[in-house]
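To start, the structure under review is shown below, and the notes come after it.
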Amino acid sequence: MEFSEVVTRRRSVRKFDGRPLEDEALEYVLQAARVAPSASNRQRARFVVVRDPAKLSVIGRRRTLADGRVINRWLTDAPAIIVACGERSGAATRYGVDWWQVDTSIATEHLVLAAVDIGLGTCWIGVFDEPVVRAELGIPAQFGILALIAIGYPAGQMSASERMTRTLVRADHRKPMTELVHWDTW
């Protein structure tokens, strides 16, 4: 698939068809993450691939926000969740930036785009129960948990809730380049 097609096809997938993921598919996306650039080539991103149904049910448990909204109710249906982590201890911090978060984000986006390239769908989850994820997977304290990435083969059609969410957040609407890009000055 051409790169331009990969970036325009990428979307958040919340409904999977139930097929298990092959090791080769997971290795392909993880290899893309492994070769991502990082600050001073420190390579601080780490990933935990979770396929065990018991662990998926614990870390993918839906969550109720303070305002009463329930989120992530679909997450346990994903055949796998990749937990994106970054090494905090000794992380390069210049200009007030925690580079482990930047580095791990770059590596994770490489993973997400590689998934699209081979026909997989993903959803980047930024709101999750970090203490539960850390305890269930035994993630050491010196590693920050950036995100959960649900990954699998997309179901043929988007669910009604996914279509509604995409409509509400105007996911298919993108601002024009002239609104986002400035040349030589603001």
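Since every read-out is calculated from the coordinates, none of them should be taken as a lab result. Everything numeric in this text was worked out from a predicted model, so none of it was measured. Glycine gets a Cβ as well: all are built from the backbone with ideal geometry, and neighbour counts include every protein chain shown.
Highest mean packing comes first when the peptides 33-42, 177-186, 141-150 are listed by Cβ atoms within 10 Å, giving 141-150, 33-42, 177-186. The slack in the chain from THR8 to ASP129, taken as 0.36 nm per residue of separation less the alpha-carbon distance, amounts to 40.5 nm. Max-minus-min Cα coordinates of the stretch 69-153 on each principal axis give 38, 30, 26 Å, with the largest extent listed first.
Full extension of the chain between VAL35 and THR64 yields a length gain of 6.8 nm, computed as 0.36 nm times the residue separation minus the alpha carbon distance. Each Cα pair of the stretch 1-64 feeds into the Kirkwood radius, which the Stokes-Einstein equation turns, at 20 °C and 1.002 mPa s, into a diffusion coefficient of 143 µm²/s.
In this simple spin-label model, placing a label point 7 Å from the Cα along the Cα-to-Cβ direction at both ARG19 and VAL97 gives a separation of 3.9 nm. Seen from all directions on average, the stretch 104-158 presents a Cα convex hull projection of 4.7 nm². Global size of the stretch 3-157: 15.4, 45 Å for Rg and Dmax (C-alpha atoms, Rg to one decimal, Dmax whole). In terms of packing, defined here as the mean over residues of other Cβ atoms within 10 angstrom, the peptides 124-130, 106-112 line up highest first as 106-112, 124-130. Scanning residues 5 or more positions from GLY121 or on other chains, those with amide H under 5 Å from its amide H are GLY152, TYR153, with H placed 1.01 Å from N in the peptide plane. With the simple model of a label 7 Å out from the Cα in the direction of the Cβ, GLU109 to MET177 spans 1.8 nm.
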